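Chemist: One structure, pasted below without further comment.
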Amino acid sequence: MRLNLIQLFTSASVFMCLVYIPLVGEEIGATHTEIGIIGAIYGITLFVSSYVFGRATDIYPPKLLLYAGCMTCAFFFFLQAFATTPETLGLIRALAGFSTGILPAALISYVHIIGRDVGKFVSFGALGWAFGAVVAGVVARLTGDLHGIFIASSIFFIVSVFLLIGLPRVSPGSRDGGLPSTTTIKKNFAVYGTFFARHTAACSIWIIFPLYLKALGAGALEIGVLYAINPISQFVIMRNIKTHNSERLIEVGHIVSAVAFASVCLLTNHYQAVLSMFLVAVSWSFLYVGSILTLLKENPSSRGTAIGILTSAISIAAVVGSFLGGGLSDLAHSFLPSDLMAYRIVCGCAAIISASGFISYRTSRSRLRSKQ
């Protein structure tokens, strides 16, 4: 139960900040492009950290890395409350991203080593996203200040540190050193590459989505509640997914992603986002669980490395997606009559990218099977 709570609280902390960073950026004078850059900076440091600490999970005790990740996150997430310019917010988000990258591979490896159900465990991450979105919305409504969200996120990381006390110490999967080799990337490229494409599409939407919802009439609390629909649905779906065919899960995830992003493009009021967020939940649940199970199955001697590279792919997708969403939104706004139309252009492009990812995955896996 402690591990589930750690997954819940750390995921809540990360997500509650991620949702409201665009609004905080707008408050302190950032343009859409600068908001995209701030998101990209976070993704870059998360990419580097995930890459390095994914390998470290195969060398050092996962519990040690969990302590390091939770304590550094508690500090840097708290510092976000004091950002007053786009430049300072970008710098602190960079440090927060590096700290966050320590956690994912260590958590999943720890759970796998002690024999827990990985699918059910990651579902608590989705529940944490829902919890974080709602708490952030409530904090914003009660305090009238978005910066209080960062203080709440820091408290959740501190709670996670205390929950780590008393958990059994486990040994890593291997003791060989060095950074991840290109062999691991090549072996799993069909998973990494297409996941990257899908998440790039998603992040191009998420960097402008709070602004999109605001333009459709949603307030801070409504935005938090709408964001919570996605992870609450994920929690239920992940716990009931039949995991015997991980490749099929990945394929379904890609198909539903394209449909979900297309539906976001068609929104005319913020209430309609309920269905879109449910579809996003279905797509992520199938794709993420399927990808993790495939990597754990096909990389038994380097589980942490494989999961770390997936987290790196997710984070670098956040970089590209943030640039794409912020930049394309500003570009579209320069020749379109309203912000809403610019946001819909971004969502339409995301749907096309996601559909292309599905086609690429099917093609890559077919070629791999023909060589075996």
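Laboratory data are not the source of any read-out in this text; all were calculated from the coordinates shown. Quick caveat, the model's predicted, so the values are computed rather than measured. Methodologically, a virtual Cβ is constructed for each residue, glycine included, from the backbone with ideal geometry; neighbour enumeration extends over all protein chains shown.
Chemist: What's the exposure ranking of V191, V252, V236, going from fewest to most Cβ atoms within 10 Å? Could the numbers behind the result be given before it?
Modeler: Values: V191 26, V252 19, V236 14.
Fewest to most other Cβ atoms nearby, the residues stand as V236, V252, V191.
Chemist: For the stretch 4-60 and the stretch 271-347, compute the distance between their C-alpha centroids and round to whole Å.
Modeler: 13 Å
Chemist: How large is the charge dipole for the chain, taken about the Cα centre, if only the Cβ atoms of Lys, Arg (+1) and Asp, Glu (-1) carry charge, to the nearest 20 debye?
Modeler: So the dipole magnitude of the chain works out to roughly 1540 debye.
Chemist: Let me ask you something else. Taking the structure as given and computing Cα extents along the principal axes in Å, which label from [x] 56, 55, 42; [y] 61, 45, 41; [z] 56, 48, 34 fits?
Modeler: [z]
Chemist: Quick one: order K187, K297 by neighbouring beta-carbon count within 10 Å, fewest to most.
Modeler: Working: K187 17, K297 11.
Arranged by neighbour count, lowest to highest, K187, K297 become K297, K187.
Chemist: Cα-Cα over 27 Å: which of K63/K120; K242/K297; K63/K242; K120/K214?
Modeler: Values: K63/K120 20 Å; K242/K297 15 Å; K63/K242 29 Å; K120/K214 33 Å.
Where the Cα-Cα span goes over 27 Å, the pairs concerned are K63/K242; K120/K214.
Chemist: Taking only C-alpha pairs under 8 Å that are 6+ residues apart, what is the relative contact order of the stretch 2-371 in percent?
Modeler: Working: 704 pairs, mean separation 107.2, N = 370.
Relative contact order comes out at 29 percent.
Chemist: Among the Cys residues of the chain, which have no other cysteine Cβ under 4.7 angstrom away?
Modeler: Flagged as lacking a Cys partner: C17, C70, C73, C203, C349.
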